[in-house]
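K.L.:
Structure below; questions to follow.
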Amino acid sequence: MVKKRSIATISIVIMLIAFVLTILPFLWIFITSLKKFKDIMSGSFLFDPTFKNYRSLFFERGSDFPRYTLNSVIICISATFLCLIVSSLASYSVSRFKFPGHLDKIVLLWTLILHMIHPMAIVLPVFIQMKTLGLYDTHLGLILIYATIWMPLAIWMLKGFIEDIPKSLQDSAFIDGCSTFQVFRCIIVPLIAPGLAATTIFVFIFIWNEFIFALILTSSVKVMTLPPGIARLSQQYFIKYGEMTSAAFFSTIPALILVLFVQKHIVRGLTFGAVKG
Amino acid sequence: MNDFLERNSKYIFLMPAIILLIVFGFFPIIQLLRLSFSSFTLYDIGEKIDFTGFKNVKNLMGDKTFGQSLKVTATFVVGVVLVELILGFLIALAVYNVIKRNSFFRTVFVVPMMVPAITIGMIWRLMYNTEFGIINSVLRELGVISPPLWLANPDIALMSVMVVDIWHWTPFVFLLIFAGLQSIPEEPYEAAALEGASDSQTFRFITLPLLSKTIFITLMLRTVLAFKAFDELFILTSGGPGNATEIIGLYIYKTAFSFGKIGYSAFLSLITIIIMLIISGIFRLIVRSTS
């Protein structure tokens with residue numbers, strides 16, 4: 001009995017330590033972002049809070065931050081949209097139909113390989129490709145490459161959800177005379193709606209967070225997204241720690257909000273559809 | 001026309017994906033192979049890719065920095081994966097012991113994984129800041145006279161950077177193992193309790209074996225991911241001081257965009273892919289032999 005109680009105590013202690021260590025960096029960044037410069041440097045715990053850093057970040061003339069945010073929003077929404085449409089169509093056909101020459105298996109294998117490769121290996125030739133195609137430093141270029149890069153994740157996640165639907169539903173629809181597209185639109189999509197939503201959120205978050213491709217395939221403020229924008233800020237702003245912490249905290253907001261919506265399928269999303277959780 | 005569309009519907013559904021995969025997936029890989037055996041530089045863009053045979057192999061042989069980068073990468077990957085596996089496992093057990101359902105705690109604990117990696121790097125760089133960063137501030141309060149230069153000291157920079165990755169990805173291990181624990185059925189435990197098994201016996205002979213597949217998948221996924229580390233290190237140290245934290249991704253980036261040697265860095269990427277394939281292959285062999 002004593003042993004059981006001490007294991008329970010140790011468990012709770014471990015849990016609390018992990019909890020505190022997890023939120024501490026976020027808390028510190030948030031608090032620091034509300035401090036004036038002199039308060040930041042003095043490291044004092046008592047201070048007058050101010051939103052000056054955020055105002056400077058968003059409203060000061062010459063601040064690129066609003067533009068970075070806008071670019072992220074445009075590119076992430078478009079790329080997610082494109083990725084999900086292409087992936088749901090592909091995922092349905094690969095889950096439910098047989099292809100000659102194992103085309104479906106080849107596509108699936110190819111998506112796995114793409115996931116394993118170091119992003120640097122892909123971004124190098126894509127960099128040259130985009131420059132040649134005139135897509136370098138454009139929204140469209142990033143949208144296309146992002147939609148492609150996250151296709152593996154979307155296809156594998158959606159495949160799991162589609163396979164959960166009993167085949168008999170689909171078969172009876174075909175017997176009733178529905179076309180493939182009608183089956184897709186009227187049966188599959190409504191039934192995988194929660195899974196579709198979760199997949200959409202995951203793809204969105206991963207694209208929002210993406211750094212390497214955005215860094216290398218954009219150069220002007222007109223196109224650059226938040227992640228490389230933040231890296232650039234840290235070089236430009238040098239010791240403007242207030243603005244840097246505000247930028248950092250702001251970029252975590254989508255994650256903080258969206259994480260609440262993906263709890264049910266989070267294991268599936270983060271293991272790439274490999275584990276159902 | 002409608003008949004044609006319907007008969008070939010499965011191909012039509014797959015076609016957009018195939019087009020994207022070929023144009024932005026397959027084609028770049030072919031280009032990568034061609035670039036790997038060329039001496040293409042940043043200034044050559046727009047021109048044809050030349051073929052220089054095995055010149056890049058010779059370059060590799062004399063490249064001590066690459067060897068150093070491999071060493072840093074190996075230390076990094078092995079170090080973080082091991083620590084994350086142990087910590088994540090411990091935390092999963094602890095949480096499962098306290099509350100078996102998905103809870104507020106799990107939601108909070110998962111947040112580091114959803115936040116941009118570059119932001120995590122930025123946050124920790126500020127925390128490691130020698131003057132006002134929270135770590136050294138606390139140390140000073142505790143009486144430490146000269147707190148360490150976490151990112152500027154070549155001896156501890158790699159360790160500091162690894163701590164960031166551990167903070168970032170331990171939740172991943174926790175999540176998977178916790179899910180694994182949740183999926184273990186009740187019967188073995190009931191049987192063991194009836195037989196009078198002790199806690200440690202239950203753990204060793206029931207919990208661990210049933211979790212082994214989950215642990216292995218976690219190990220495999222984490223290792224592949226750890227190799228690709230880039231964002232945090234880019235903003236934390238950019239490979240420095242010296243080459244102390246220059247993992248393979250950073251070295252390839254510098255070779256391509258600081259030195260302009262795109263051909264050679266393509267070759268290095270190729271080597272990295274081959275290494276990754278070998279490691280994945282080993283993992284899959286182990287899976288096959290145990291099932």
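The values are calculated or read from the model by the stated rules, or taken from the named source; none is laboratory data. Please read all numbers here as calculations on a predicted model, not as lab measurements. FYI the Cβ positions are ideal-geometry reconstructions off the backbone, even for glycines, and counts take in every protein chain you see. Note: areas computed on protein heavy atoms with side chains; ligands, DNA, RNA excluded. Shrake-Rupley method; radii C 1.70, N 1.55, O 1.52, S 1.80 Å.
K.L.:
Have a look at B:Thr65, B:Thr41 and point out the one that is within 13 Å of chain A (Cβ to nearest Cβ), farther than 30 Å from A:Phe181 by Cα and at pLDDT 85 or above.
P.N.:
Values: B:Thr65 fails: within 13 Å of chain A (Cβ to nearest Cβ).
Exactly one residue qualifies, and that residue is B:Thr41.
K.L.:
Okay, next question. Has segment A:93-106 got any residue that is facing chain B (nearest Cβ under 7 Å), at pLDDT below 90 and open to solvent by less than 10 Å² (accessible area, probe 1.4 Å)?
P.N.:
yes
K.L.:
May I ask you to verify whether B:Arg106 is basic (Lys, Arg), within 12 Å of chain A (Cβ to nearest Cβ) and surrounded by fewer than 18 Cβ atoms within 10 Å (Cβ to Cβ)?
P.N.:
Numbers: basic (Lys, Arg): yes; within 12 Å of chain A (Cβ to nearest Cβ): yes; surrounded by fewer than 18 Cβ atoms within 10 Å (Cβ to Cβ): no.
No: the conditions fail for B:Arg106.
K.L.:
For residues that are of a type in the set (A, V, I, L, M, F, W, C) and facing chain B (nearest Cβ under 7 Å), scanning just segment A:11-20, find the one that is surrounded by the most Cβ atoms within 10 Å (Cβ to Cβ). Reasoning before the result, please.
P.N.:
Of all residues in segment A:11-20, those of a type in the set (A, V, I, L, M, F, W, C) come to A:12-20.
If we keep only those that are facing chain B (nearest Cβ under 7 Å) as well, we get A:12, A:14-15, A:18-19.
Numbers: A:Ile12: 14, A:Ile14: 18, A:Met15: 18, A:Ala18: 22, A:Phe19: 16.
The residue in question is A:Ala18.
K.L.:
So which helices (runs of 4 or more DSSP H) are wholly in segment A:108-196 and hold at least 1 residues that are open to solvent by 50 Å² or more (accessible area, probe 1.4 Å), over 18 Å from A:Leu270 (Cα atoms) and without any contact (Cβ under 8 Å) to a residue 24 or more places away in the chain? Show your work before the answer.
P.N.:
On the way: elements: A:119-133, A:139-149, A:151-163, A:167-175, A:180-183.
Filter on segment A:108-196 gives A:119-133, A:139-149, A:167-175, A:180-183.
K.L.:
Looking only at segment A:27-56, which residues are part of a loop (DSSP other than H, G, I, E, B), away from chain B (no Cβ under 13 Å) and in contact (Cβ under 8 Å) with a residue 60 or more places away in the chain? Don't jump to the end; show me each part of the working.
P.N.:
In the first step, residues of segment A:27-56 are kept if they are part of a loop (DSSP other than H, G, I, E, B); the result is A:34-36, A:43-51.
After this cut, where a residue has to be away from chain B (no Cβ under 13 Å) as well, the list is A:34, A:46, A:48-51.
Across segment A:27-56, there are no qualifying residues.
K.L.:
Given B:Leu194, B:Leu268, B:Leu250, which one is modelled with pLDDT of 85 or more and over 16 Å from the mean Cα position of the chain (by Cα)?
P.N.:
Working: B:Leu194 fails: modelled with pLDDT of 85 or more; B:Leu250 fails: over 16 Å from the mean Cα position of the chain (by Cα).
Testing whether each residue is modelled with pLDDT of 85 or more and over 16 Å from the mean Cα position of the chain (by Cα) leaves just B:Leu268.
K.L.:
Output yes when any residue across segment B:280-289 is within 10 Å of chain A (Cβ to nearest Cβ) and closer than 22 Å to A:Leu112 by Cβ, and no when none is.
P.N.:
Filtering segment B:280-289 down to residues within 10 Å of chain A (Cβ to nearest Cβ) leaves B:280.
Still in the running and closer than 22 Å to A:Leu112 by Cβ: B:280.
Yes - at least one qualifying residue is present in segment B:280-289.
K.L.:
Taking the condition at the interface with chain B (Cβ under 10 Å from one of its Cβ atoms) and either more than 25 Å from B:Thr214 (Cβ to Cβ) or not aliphatic (A, V, I, L, M) (or both), does A:Leu196 pass? Can you show your working first?
P.N.:
Numbers: at the interface with chain B (Cβ under 10 Å from one of its Cβ atoms): no; either more than 25 Å from B:Thr214 (Cβ to Cβ) or not aliphatic (A, V, I, L, M) (or both): yes.
So A:Leu196 does not fit the description; no.
K.L.:
Quickly run through segment B:210-245 and pick out the residues that are under 18 Å from B:Thr119 (Cα atoms) and of a type in the set (S, T, N, Q).
P.N.:
Listed by number, the residues that qualify are B:Thr237, B:Ser238.
K.L.:
Give A:Leu89, A:Leu84, A:Leu70 a once-over and let me know the one that is more than 8 Å from chain B (Cβ to nearest Cβ), part of a helix (DSSP H, G or I) and either in contact with a helix residue (DSSP H, G or I) (Cβ under 9 Å, 6 or more places away or on another chain) or not aliphatic (A, V, I, L, M) (or both).
P.N.:
Working: A:Leu89 fails: more than 8 Å from chain B (Cβ to nearest Cβ); A:Leu70 fails: either in contact with a helix residue (DSSP H, G or I) (Cβ under 9 Å, 6 or more places away or on another chain) or not aliphatic (A, V, I, L, M) (or both).
Just one listed residue meets the conditions, A:Leu84.
K.L.:
Might you let me know whether segment B:68-90 holds any residue that is more than 9 Å from chain A (Cβ to nearest Cβ), over 21 Å from the mean Cα position of the chain (by Cα), part of a helix (DSSP H, G or I) and of a type in the set (D, E, K, R)?
P.N.:
Within segment B:68-90, the first condition is being more than 9 Å from chain A (Cβ to nearest Cβ), and the residues that meet it are B:68-86, B:88-89.
Filter once more, keeping what is over 21 Å from the mean Cα position of the chain (by Cα): none.
No, segment B:68-90 has no match at all.
K.L.:
Something else: For segment A:219-266, what are the residues that are under 27 Å from B:Thr107 (Cβ atoms), open to solvent by less than 10 Å² (accessible area, probe 1.4 Å) and outside any loop (DSSP other than H, G, I, E, B)? Outline the logic, then answer.
P.N.:
First, pick out the residues of segment A:219-266 that are under 27 Å from B:Thr107 (Cβ atoms): A:225-227, A:230, A:245-266.
Next cut, open to solvent by less than 10 Å² (accessible area, probe 1.4 Å) only: A:225-227, A:230, A:245-248, A:251-252, A:255, A:259, A:262, A:266.
Across segment A:219-266, the qualifying residues are A:Leu226, A:Pro227, A:Ile230, A:Thr245, A:Ser246, A:Ala247, A:Ala248, A:Ser251, A:Thr252, A:Ala255, A:Ile266.
K.L.:
Go through the residues of segment B:200-221 one by one and say whether even a single one is modelled with pLDDT of 85 or more and closer than 30 Å to A:Gly229 by Cβ.
P.N.:
Checked against the condition, which is being modelled with pLDDT of 85 or more and closer than 30 Å to A:Gly229 by Cβ, segment B:200-221 yields at least one hit.
K.L.:
Further question on the same structure: Would you point out which residue out of B:Gly239, B:Gly260, B:Gly249 is closer than 30 Å to B:Thr52 by Cα and either charged (D, E, K, R) or assigned to a helix (DSSP H, G or I) (or both)?
P.N.:
Numbers: B:Gly239 fails: either charged (D, E, K, R) or assigned to a helix (DSSP H, G or I) (or both); B:Gly260 fails: either charged (D, E, K, R) or assigned to a helix (DSSP H, G or I) (or both).
Sole residue among the options that is closer than 30 Å to B:Thr52 by Cα and either charged (D, E, K, R) or assigned to a helix (DSSP H, G or I) (or both): B:Gly249.
K.L.:
Next up: Could you say whether any residue in segment B:134-155 is surrounded by fewer than 18 Cβ atoms within 10 Å (Cβ to Cβ), touching a residue at least 24 places away in the same chain (Cβ under 8 Å) and either under 30 Å from A:Ser72 (Cα atoms) or of a type in the set (A, V, I, L, M) (or both)?
P.N.:
There is at least one residue in segment B:134-155 that is surrounded by fewer than 18 Cβ atoms within 10 Å (Cβ to Cβ), touching a residue at least 24 places away in the same chain (Cβ under 8 Å) and either under 30 Å from A:Ser72 (Cα atoms) or of a type in the set (A, V, I, L, M) (or both).
K.L.:
Follow-up question, since we're still on this one. Can you tell me which residue is nearest to the chain's Cα centre (by Cα) among those in segment B:220-235 that are over 16 Å from A:Ala121 (Cα atoms) and open to solvent by less than 10 Å² (accessible area, probe 1.4 Å)? Break it down into steps so the answer makes sense when it comes.
P.N.:
Let us first name the residues in segment B:220-235 that are over 16 Å from A:Ala121 (Cα atoms), namely B:220-223, B:232-235.
Next cut, open to solvent by less than 10 Å² (accessible area, probe 1.4 Å) only: B:222, B:233, B:235.
Numbers: B:Arg222: 6, B:Leu233: 12, B:Ile235: 16 Å.
Across segment B:220-235, the extreme among qualifying residues is B:Arg222.
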